[in-house]
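So the structure is just underneath, and the comments pick up after that.
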Amino acid sequence: MKEKHSALKYAGIAVIVIVLLFPVYWMINCSLQHTSVIMTVPPTFFPTNPTLENFAKIFSNASYLRYFKNSFIVAFGTIAVVLIVSIPASFALSRYNFPGKHAIMSAISSVQMFPTVVILITLYGFYNKWGLLDTYRGLILADTTFALPLAITISKSIDEAARIDGANRLQVLLSILLPLVIPGLVAVGIYTFLNSWDDYLMSLTIMKSNEMRTLPVGIAQSFLGEYSNDYGGLMAFAVAGSLPIVILFVFFQKYLVSGMTAGAVKG
């Protein structure tokens with residue numbers, strides 16, 4: 001009975017994994033076929049004559065490569081701004097009392113309460129007045145606004161516990177805060193990268209020229225037309241655009257867990 005229960009459990013897990021991974025497989029499968037083959041009924045679940053023509057079309061076109069460049073500039077620029085702002089902000093808001101502290105914390109947290117579309121209306125007006133439309137710095141500042149609330153998260157209780165045990169400020173910084181903050185900063189960087197890399201609405205609104213478009217907007221406006229769609233190229237672009245995220249997760253996934261436990265006080 002126990003073996004039967006285990007078999008059913010693993011079978012259920014296998015079904016869930018297959019369901020979750022099938023969209024990824026279908027994306028890769030379609031990227032290796034022509035659009036005419038993709039649209040056939042019944043669908044072709046295994047590429048009979050796989051081709052790299054769709055990938056060659058992407059990496060030989062300067063406009064498509066520019067979308068990648070723009071996304072990398074915006075993503076890494078956002079990471080830099082978020083880390084520069086969040087480190088001192090986290091330390092100050094968690095360890096000092098000053099007038100307006102709660103108002104600042106409420107203002108930062110309230111950003112996530114409003115739909116992006118609502119904020120974009122006001123943001124577009126400000127950017128139009130200040131000359132930030134169609135610029136890297138404008139999109140970086142916009143993405144920073146949505147990444148900061150989750151980046152400012154340093155806890156005060158851990159170093160307080162260390163101080164009770166007799167640790168001075170230098171010992172707290174070197175032995176407690178650094179082991180906690182370094183993995184946390186990597187996790188914040190990963191989250192910020194994903195948020196900026198996948199952003200569509202902000203980029204669509206702020207970046208007006210084709211030369212400044214980022215990857216999500218470039219994909220939508222290059223392969224999806226009013227009368228025809230290039231699904232093969234779209235899927236190849238999607239595969240190429242997903243690779244940086246996959247690589248980032250593979251190499252830094254441990255920090256997503258260690259950032260929650262590093263430097264913790266043992267009871």
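Here are some notes:
- Cβ-derived FRET efficiency at R0 35 Å, Ala103 paired with Ala220, nearest 0.05: 0.35
- Working from label points 7 Å from Cα in the Cα-to-Cβ sense, the Asp198 to Phe46 distance is 3.2 nm.
- In the context of the full protein assembly, Val85 retains an accessible surface of approximately 60 Å², using a probe radius of 1.4 Å and ignoring ligands and nucleic acids.
- Evaluated at q = 0.10, 0.13, 0.21, 0.23 Å⁻¹: base-10 log I(q)/I(0), Debye formula over Cα of the range 37-137: -0.60, -0.82, -1.23, -1.28
- Solvent exposure ordering (accessible area, 1.4 Å, most first) of Thr48, Thr78: Thr48, Thr78
- A simple rule links phi to the HN-Hα coupling: the Karplus curve 6.51 cos²θ - 1.76 cosθ + 1.60 with θ = phi - 60°, which for the range 14-28 gives 4, 5, 4, 4, 4, 4, 6, 8, 4, x, 5, 4, 5, 4, 5 Hz, with x for Gly and Pro.
- Applying 1/(1 + (r/R0)^6) with r as the Cβ-Cβ distance of Tyr25 and Ile73 and R0 = 51 angstrom yields a FRET efficiency of 0.95.
- Projected label points at Met113 and Ser228, each 7 Å from Cα along the beta carbon direction, are separated by 5.1 nanometres.
- Rounded accessible area of Leu185 (nearest 10 Å², 1.4 Å probe): 50
The values are calculated or read from the model by the stated rules, or taken from the named source; none is laboratory data. Owing to the predicted nature of the structure, the values given are computational and were not obtained by experimental measurement. Note that we place each Cβ from the backbone using ideal geometry, even for glycine, and neighbour counts take in every protein chain shown. Side chains are part of the model used for accessible areas, which takes the heavy atoms of the whole protein and leaves out ligands, DNA and RNA. Shrake-Rupley method; radii C 1.70, N 1.55, O 1.52, S 1.80 Å.
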